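The numbers here are math on the coordinates, done by the rules we state, and not lab data. Because the structure is a prediction, the values reported are computed rather than measured. When we count neighbours, we look across all protein chains shown, and the Cβ atoms used for this are built from the backbone with ideal geometry, even at glycine.
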Amino acid sequence: MADSRSENQEDARQALLQLQRGDAAGAERLSRAMLARSPDRLDARATLGLALSAQGRPREAVAAFEELVRLQPDVAAWWINLGTFRRQLGQYDEALADYARAAALGERSGSFFYNVGLLHIDRGDYDSARQVLADASAAAPRDAPVRIEYAQCCHDSMRVEEAVRALHGWELLEGLDAGHCASIALLYLTLGEQAAARAALARAEADPQPGAQALLRIAQFHERSNDVAGAEAALARLRSIPEAAALGEDLELLEAQLAQRNGRLPEAVASFARLAAGCREPHRRHLHLFPLAKALDAAGRYDEALAALREAHAAQMLHVRRTNPGVAEQREPPLAITRHGCDPRDVAAWDETDAPAAADSPIFIVAFPRSGTTLLEQMLDAHPGLVTMDEQPYLQQAIDRIGDFAVRYPSGLAALSREQLALVRERYWELTRRKVTLAPGQRLIDKNPLNLLRLPAIQRLFPNARILLAVRHPCDVVLSCYQQHFRAPEFALICRDLPTLARSYARAFDFWFEQAAILEPAVLEVRYEALVAAFEGGARAIADFLEVPWHDALLEPARHARERGYISTPSYSQVIEPVHGRSVGRWRRYEAAFAEALPALGSQLGRWGYDA
């Protein structure tokens, strides 16, 4: 008996060692041998379940842990593992019940909350996932995977500041490897934190033998930074290691993106189509269908591109219903901010005594998205006296600060005292300083297209500010928005079909012109078509309007964009190209699809003299 017990103990030790070393098949053999001798060995059954899972056999792992919870239902660890393996099988409701049993038994560890958070992400419940992952981060504050997943969930939920806070101090996390650092770098990049992104990337690339996941993230980082050569180099290294095969669709998606950027359109189309067809989760198909439509459009296959776009928006709406059900239930995007305008009598009473001069105010670039604002931004940012901060919500946050004073926005802004206005302006500048540092004499560029809807805030805070209103053929704008994969749920809803987009476009500009008639801002309309046709003349007119000295760098926005690397907008891969007019009149390729949209655009077409 003693010899048998000793043999089992040694087998148990060896099985765990083999599992830790990655020899799951060996751990399975030893565990089964132990169970053959002693069927009541629960530790052997647990090791067997873990070994089966490590070999990609979650259904068998579930059976092993179902037996464990039957034999010993008061052990939280058995329920956690059972829930985790059921999650891998897509049995989300059962997994949630298993985790609930573990919680009832008092489980409160960081790893437990982490797994529950992953389950909520799989279920599409991002609010619950974010809350549980916050608990996981609090319970295990130095655990790298926990913090990274929490930050990623915040990012996916459009909680940018929360995501940045979650990554703060990442250098001190425990267990950091090249894969973690590369994931942090890519996440920081998409959050607009370029300095932190570069620091994390440098640490990832310093590893002489990065794993497959690290190389994938490094390649994605370079592609998103417009460094196609760097992405190709990382991809070549990735293809040389056996573990690359396990990356599945993530690797194929990157290869398709690079094929498209290098002009290999048939290859890109085939890859995106294969990914979309093979996607087992309908709500995730939009991740492949939007780039498929873009590749089909570039290949001149317009009918197929339109069909792919319709499928993409339908899939994205499934995703919005899972992640933001309140938004998805809206029949028509409200654009609620357009319901409330200024009161002319209130505006007449505004005290502008302490208002900043134009030189001390931001330069605002506004428009409906996809009207050429990124081109304007990169052109101006190339000027040594001007600095951009990418698209930020800081003007809206200033409006929120106005609300703290119990002042009606925008019809009661005259009630703001000089001291309150100073506090709101300081809040705006405090936020901008987190992104950019202005040298003496430099001016800030605030490019956020939908600040088009916040003209009352601009004029109350910075009445002397210069505003550039980007204007482009309404049909080209609507088409371009329809072709983009916007992450924000509210704007995804606006873009779900061409008629809805057209009505939203009309509502936005009706509001702008109503408010502009009352507020009389210092605004220059910049026609996209005229600018790309005579770029130097347009650039000089803009410089004159802004009262900035001429600089030849204004004529090289593409070079400047390449040097900057990361561009936050969907047009990041286009803005690095020389200025051209190929996008003018693109909507004509899809003219038949505009039958229902055109009536809503009639007043805007007439206002600017565009034909349809």
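A compact table of results
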item	result
Difference of contour (0.36 nm per residue) and Cα-Cα distance, Ala541 to Asp122	145.7 nm
Theoretical FRET efficiency, 1/(1+(r/R0)^6), r = Cβ-Cβ of Leu423 and Ala195, R0 25 Å, to 0.05	0.30
Label-point gap, in nm, between Ser603 and Ala488 - each point 7 angstrom along Cα→Cβ	2.2 nm
Cα-based shape type of the range 349-608, given that a ≥ b ≥ c are square roots of the gyration tensor eigenvalues and the cut on a/c is 1.5	oblate
Simple Cβ-charge dipole of the chain, Lys/Arg +1 and Asp/Glu -1, about Cα centre, in debye nearest 20	620 debye
Identified option (computed Rg and Dmax of the Cα atoms in Å; candidates (1) 29.8, 106; (2) 28.8, 102; (3) 27.9, 97)	(3)
Glu249-Ala54 FRET efficiency (beta carbon distance; Förster radius 30 Å; 0.05 resolution)	0.90
The range 177-247 - charge dipole about Cα centre, Lys and Arg +1 at Cβ, Asp and Glu -1, debye rounded to 20	20 debye
Under the Karplus curve 6.51 cos²θ - 1.76 cosθ + 1.60, θ = phi - 60°, whole-Hz ³J(HN,Hα) for the range 368-385, x wherever Gly or Pro sits	7, x, 6, 10, x, 5, 5, 4, 4, 4, 5, 4, 6, 5, 5, 6, x, x
Inter-label distance for Val75 and Ala530, nm, one decimal - labels placed 7 Å from Cα along Cα-to-Cβ	7.7 nm
Point-charge dipole on Cβ atoms (K/R +1, D/E -1) for the range 408-513, about Cα centre, debye to 20	260 debye
The chain - percent relative contact order, Cα under 8 Å, separation 6 or more	10 percent
Global geometry of the range 177-247, whether rounded, prolate or oblate, following the gyration tensor of its Cα atoms and the 1.5 cut on a/c	prolate
Potential lengthening between Ser38 and Met158 on full extension [0.36 nm per residue; Cα-Cα distance subtracted]	37.9 nm
Cβ-derived FRET efficiency at R0 22 Å, Lys435 paired with Asp404, nearest 0.05	0.45
Using θ = phi - 60° and Karplus 6.51 cos²θ - 1.76 cosθ + 1.60, couplings along the range 261-266 (whole Hz; Gly, Pro as x)	5, 9, x, 8, 5, x
Lys/Arg +1, Asp/Glu -1 at C-beta; the chain dipole; positive extreme among Ala103, Ala348, Ala502	Ala502
Qualifying trypsin sites (Lys or Arg not before Pro) in the range 16-59, DSSP loop, other Cβ atoms within 10 Å at most 10	Arg21
Spin-label model distance (nm) - Thr353 vs Leu172, 7 Å beyond Cα toward Cβ	4.8 nm
Contact order relative to length of the range 349-608, as percent, for alpha carbon pairs under 8 angstrom and 6 or more apart	29 percent
Residue-by-residue Karplus 3J(HN,Hα) for the range 185-190, coefficients 6.51, -1.76, 1.60, Hz, glycine and proline x	4, 5, 5, 4, 4, 6
Listed residue (Leu251, Asn262, Ala315) projecting farthest to the positive dipole end of the range 249-339, Cβ model	Ala315
Amide proton proximity set for Arg466, modelled H, under 5 Å, gap of 5+	Phe364
